[in-house]
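Peer 1: Attaching a single structure in C-alpha cells format; questions to follow.
The values are calculated or read from the model by the stated rules, or taken from the named source; none is laboratory data. Since this is a predicted model, take the numbers as computed values, not measurements. As a convention, Cβ positions derive from the backbone with ideal geometry for all residues, glycine included, and neighbour counts pool all protein chains shown.
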Amino acid sequence: MKKILVILLAALLLCACQPTPETDAVRQKNQDAMIEMARGEDVVQNASGGEEDKELPTLDYRILYGIPEHLTEEFPGLSDKVKIVVDADINVPDQPLPIVRAVPTDFSQELVYDLWHRLVGDRKMLIDDERETKESIKAQLEYWVNVLNSPEVHDYEPGEVEQMVKDLQTRFNDAPDGEPPKEADGTLVIGELRDSHGNVIAHRTELQAYEVGGVSFNLQNSFDLKETVYESDGAYCMMNNAALTYATSDQTPHAQDSSGTLASFHLNPGDPIPEQAKAYIHSTPAEIRARADALLEQMGISDEYAVSAIELEPDADPYEHGKLIGYAYRVDCVRTVYGVPVGNEMALGMNLYWPEDMMAPAWLYENFYIWMDDSDEMRFFWSSPIETQDTVQPNCHLLPFSEIQSVMESRLPMLLNRKASQEYVKSCTALIHRIDLCLWRIREKNTVETGLLVPVYCLYMDIRYEQEYNRNEEDILIINAVDGTVIDPYNGY
C-alpha cells in the first residue's frame, strides 16, 4: 500500500491544483467562435468522393492550405540568448479533421479480460495483493517503536511518534494474517488508499499480477475519491489516473537519461542506426516499428492506436553521471479518431509552460509508449485513457499554413524568453524537428468534466541550454489550426 501512495503522490505533484479564478485560461479564448470558424466553407466539396460515401472522403490538406512537406527556417528570439531552428517534416493526415467531444475514462473489466487473454494467455500469474496484513505492518511498527525508544533526538512533534505507534498497533491487531498468493485470471479487485494514520480514504479497481521471473501485468483505475486530499505541502486534486503497465520479463528494457547530457535520436522507420549507438544496439528503427505494430495487432487495438514516433534513448549509469551504458527504443503510440492521430504530451517539458501558471484542475493526457531493445523483452505503459462521444464538427475549415507559421514566429520567442531570461542560462536553442497536423484535447467551455479534440499543429522541439551544466529538454508548441491560438496544455486551452 505504501508503494501505491508514493506513486500516487508523485503523479499528483505533477498536476497540483490551484484555485480557478473567475476568468481562467478556458474562458480567455472564445470557443464558440472557434467552432464557428471550423464550420467555415465546406472543405469536403474540395475533396474527392461523393455524398453517397459512408466514410468521409480523402482530403489533400497540403493543397488546400499550402502546407509544405518539410520546413527549414531559422529565426532569433527576443534576446541574443535565444535562437530557434526549424528543420522538420510536416506530417499531415489524409482524412478530414473533426472536432470530437471526449471524456476521461477507466479501463473496463471487458477490455482487461480481452487484453489478459491476448497478452497473458495460459501463463500462470499470481496476484500481488498489496492490502495490509500483519506481515506488511510489522516492519513499520518495529521501525516506529525503535524511534520512540531511541535516545537520539528527532524532529517529530511532541506526541507524534507515540500516536504513530498507537495507530500501527491498532492496524496490526485488526489486519488479517498473510495468505499464499492467489492465481490471477484478469479479474479486477478492489484496492485501497490509506492516509498516514491508516484510514482508508479511497478505493479503486486494480490488478497487480506477475509470473515468477517473467510477465507482469499491473493495472490501476481511478480512485473513487473526488474531493481534495490535503498533504503537508499542499492540496492535490485526484482526477483520472488510470494506468496499465505490461512487461514480458522482470528485467525489462529501460533507458532514461534524466541529466539531459546524452543525446537521444528522433528516427523514422527507414533511418539507419546512428553511429554513436551502433556499439550498443543492433535493432533498426524499421525492425522496432514492425515489432510495435505487431504488439498493437496482438492487443486488438491496431484500428484505434498507431505508432507516432520512434526515439532512441541513451541509458546512463546512475552511479557515474553521464556515463553511457546502452540504448533502448521508446516507441510512442497515439489514439486515432476517424483515422486522425490524437497528440499527447510525451514530449512536454517544463519550459514553455510552468506549473505555477496552472489555473484549472489537471486532466492528464492519454499516453501510450513501448520500451524495446535487442532482446525479445519489452515493456509498455498506457495511462489516462479517454472515451470519445459525439462529433461536434465532422470536417473542419483550417487557417492557411502561412498564418500558422506567423503565429509560430511571433509566439515561440515570447515563450522561450522567460526561461532564457534566468541569469544562470547563457543561451537557449530550440530545435524543431517534427510538426504534426493532428488532434489535441482541450477543455470544453465552462467545464472540466469534458473536452474537445480539435485540429492543431504540434511542433516538437529539443531545447538545449548552455548554463552551469549543459542540459537538453523536450517540449511542444501547440497551435490551434482553426483559430491560430496557442494552446497551454497545463490549463487545457
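Peer 1: Please go through region 84-126 and give me each residue that is charged (D, E, K, R) and either in contact with a Leu (Cβ under 9 Å, 6 or more places away or on another chain) or assigned to a helix (DSSP H, G or I) (or both), ordered by number.
Peer 2: Looking only at region 84-126, we keep the residues that are charged (D, E, K, R), and these are 87, 89, 94, 101, 106, 110, 114, 118, 122-124.
If the condition is that a residue be charged (D, E, K, R) and either in contact with a Leu (Cβ under 9 Å, 6 or more places away or on another chain) or assigned to a helix (DSSP H, G or I) (or both), then D87, D89, D94, R101, E110, D114, R118 are the ones that fit.
Peer 1: Of the residues that sit in region 271-296 and are more than 26 Å from the chain's Cα centre (by Cα) and surrounded by fewer than 14 Cβ atoms within 10 Å (Cβ to Cβ), which one is farthest from Y327 (Cα to Cα)?
Peer 2: P272
Peer 1: Give the residue that is farthest from the chain's Cα centre (by Cα), with candidates limited to residues of region 199-219 that are crowded, with 16+ Cβ neighbours inside 10 Å and within 11 Å of V189 (Cβ to Cβ).
Peer 2: The selected residue is A209.
Yes/no matrix, rows are residues, columns are (1) assigned to a strand (DSSP E or B); (2) buried (at least 21 other Cβ atoms within 10 Å of the Cβ):
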position	(1), (2)
I301	no, no
S308	yes, yes
L312	yes, yes
G326	yes, no
D332	yes, no
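Peer 1: Something else now. How about region 95-114: which of its residues are touching a residue at least 60 places away in the same chain (Cβ under 8 Å), within 16 Å of L188 (Cα to Cα) and under 22 Å from the mean Cα position of the chain (by Cα)? If you could, list the steps in order and put the result at the bottom.
Peer 2: Taking region 95-114 first, the residues touching a residue at least 60 places away in the same chain (Cβ under 8 Å) are 95-107, 109, 112-114.
Remaining after also requiring within 16 Å of L188 (Cα to Cα): 105-107, 109, 112-114.
Correct list: T105, D106, F107, V112.
Peer 1: Provide a single number: the residues in region 438-472 that are within 18 Å of Y365 (Cβ to Cβ) and in a strand (DSSP E or B). Outline the logic, then answer.
Peer 2: Here is the first cut: in region 438-472, the residues within 18 Å of Y365 (Cβ to Cβ) are 438-444, 447-461.
When the remaining residues are screened for being in a strand (DSSP E or B), the result is 438-443, 451-461.
Number satisfying all stated conditions: 17.
Peer 1: If we scan region 474-493, do we find a residue that is surrounded by fewer than 17 Cβ atoms within 10 Å (Cβ to Cβ), more than 18 Å from the chain's Cα centre (by Cα) and assigned to a loop (DSSP other than H, G, I, E, B)? First the steps, then the outcome.
Peer 2: Step one: of region 474-493, the residues surrounded by fewer than 17 Cβ atoms within 10 Å (Cβ to Cβ) are none.
No: zero hits.
Peer 1: Restricting region 349-370 to residues that are among the aliphatic types (A, V, I, L, M) and either surrounded by 20 or more Cβ atoms within 10 Å (Cβ to Cβ) or over 16 Å from the mean Cα position of the chain (by Cα) (or both), which is modelled with the highest pLDDT? Let's see the steps before the verdict.
Peer 2: First pass over region 349-370, keeping only residues among the aliphatic types (A, V, I, L, M): 350, 352, 358-360, 362, 364, 370.
Retained after the next criterion (residues that are either surrounded by 20 or more Cβ atoms within 10 Å (Cβ to Cβ) or over 16 Å from the mean Cα position of the chain (by Cα) (or both)): 352, 358-360, 362, 370.
Numbers: L352: 55, M358: 49, M359: 50, A360: 52, A362: 66, I370: 96.
This residue is I370.
Peer 1: Only one residue in A247, A243 is modelled with pLDDT of 50 or more, over 12 Å from L119 (Cβ atoms) and of a type in the set (A, V, I, L, M, F, W, C). Which one?
Peer 2: Sole residue among the options that is modelled with pLDDT of 50 or more, over 12 Å from L119 (Cβ atoms) and of a type in the set (A, V, I, L, M, F, W, C): A243.
Peer 1: Return yes or no: is K138 touching a residue at least 40 places away in the same chain (Cβ under 8 Å) and either touching a Gly at 6+ places or on another chain (Cβ under 9 Å) or surrounded by 13 or more Cβ atoms within 10 Å (Cβ to Cβ) (or both)?
Peer 2: On the way: touching a residue at least 40 places away in the same chain (Cβ under 8 Å): no; either touching a Gly at 6+ places or on another chain (Cβ under 9 Å) or surrounded by 13 or more Cβ atoms within 10 Å (Cβ to Cβ) (or both): yes.
In short, no.
Quick grid of which residues meet (1) modelled with pLDDT of 90 or more; (2) aromatic (F, W, Y); (3) touching a His at 6+ places or on another chain (Cβ under 9 Å):
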{"position": "M372", "(1), (2), (3)": "yes, no, no"}
{"position": "F380", "(1), (2), (3)": "yes, yes, no"}
{"position": "L399", "(1), (2), (3)": "yes, no, no"}
{"position": "I404", "(1), (2), (3)": "yes, no, no"}
{"position": "V425", "(1), (2), (3)": "no, no, no"}
{"position": "I442", "(1), (2), (3)": "yes, no, no"}
